[in-house]
1. Just checking the output field for A:94-102: average partner chain Cβ neighbours within 10 Å of each residue's Cβ?
2. Check B:ILE47: other-chain or 5+ apart residues with amide H under 5 Å from its amide H, H built from backbone geometry?
3. Sort segment A:11-95 into rounded, prolate or oblate with this rule: let a ≥ b ≥ c be the square roots of the eigenvalues of the Cα gyration tensor; rounded if a/c is under 1.5, and if a/c is not under 1.5, prolate when a/b is larger than b/c, oblate otherwise.
4. For chain A, which span is the longest to avoid every loop-located (per DSSP) member of trypsin sites (Lys or Arg not before Pro) having at most 13 other Cβ atoms inside 10 Å?
5. DSSP loop (so not H, G, I, E, B), at most 15 other Cβ within 10 Å: list which GluC sites (Glu not before Pro) in segment A:1-74 pass both filters.
6. Can you spot the lysines whose alpha carbon is less than 23 Å from B:LYS59's alpha carbon? Ignore those fewer than 8 places along the same chain.
7. Hey, what do the phi angles of segment A:87-97 turn into as Karplus ³J(HN,Hα) couplings, whole Hz, using 6.51/-1.76/1.60 and θ = phi - 60°, x for Gly and Pro?
8. For chain B, report the % of Cα-Cα distances exceeding 17 Å.
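Any read-out appearing in this document is the output of simple, stated calculations on the displayed coordinates, not a laboratory observation. All values reported here derive from a predicted model rather than from experimental measurement. In this analysis, Cβ positions are derived from the backbone assuming ideal geometry, glycine residues included, and neighbour counts consider all displayed protein chains.
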Amino acid sequence: DSGVTQTPKHLITATGQRVTLRCSPRSGDLSVYWYQQSLDQGLQFLIQYYNGEERAKGNILERFSAQQFPDLHSELNLSSLELGDSALYFCASSVDWYTEAFFGQGTRLTVV
Amino acid sequence: GQQVMQIPQYQHVQEGEDFTTYCNSSTTLSNIQWYKQRPGGHPVFLIQLVKSGEVKKQKRLTFQFGEAKKNSSLHITATQTTDVGTYFCAGPNAGGTSYGKLTFGQGTILTVHP
């Protein structure tokens, strides 16, 4: 158990819908990352927050947004969903940007 | 921006053979991290290398960080079926507009035939 909790584990939704993925980082970790992993693909960096502020942004679509709350949990919002958004979405946390990251179990999103 | 390339993409070995995956960054890294993702699982941190030329061992796994801190390798001696999975290297971006971004290589998928 990495200590990072992601909910839900599975999500099936229709095209055009909006979903929210939730992540609770390890206790004491200030940095939260979001990654997208499509079938047999690598880990595509979406966004990183540190202590409530956005620190780095990857190739995140405009339909996607995220935030980190004062209690350090984070949410990734995906809207106007398309079939191609079907993927595993991982959240990871670390003490700081240069330290090792601990991953949650992931949320498997299926858009039908 | 920073790019991290990893080769090979796939590696099939017979149990008992050795395995090596290589990682190259377009920029100098403050450190290099290695992760393993078992099929159906999530990436799990293996090790972090910080110093130029550093070598670390974990049982049958040997990790190296290049002198220029732009490349790294993971070598597994005498693979076992439990080594199956995808091995990723990752490097944090230490500057520029992507400060803090942890960039992963594409990963090497290792299969081990018994």
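1. Shielding by partners across A:94-102 averages 6.
2. B:TRP34
3. The shape class here is prolate.
4. A:64-112
5. Numbers: sites: A:GLU53, A:GLU54, A:GLU62; in loops: A:GLU62.
Counting only loop positions with at most 15 other Cβ atoms within 10 Å, the GluC sites (Glu not before Pro) in segment A:1-74 are A:GLU62.
6. Straight-distance partners of B:LYS59: B:LYS36, B:LYS51.
7. In residue order, the calculated couplings are 5, 8, 10, 9, 10, 9, 9, 8, 5, 8, 5 Hz.
8. Above the 17 Å cut-off, chain B has 52 percent of its Cα pairs.
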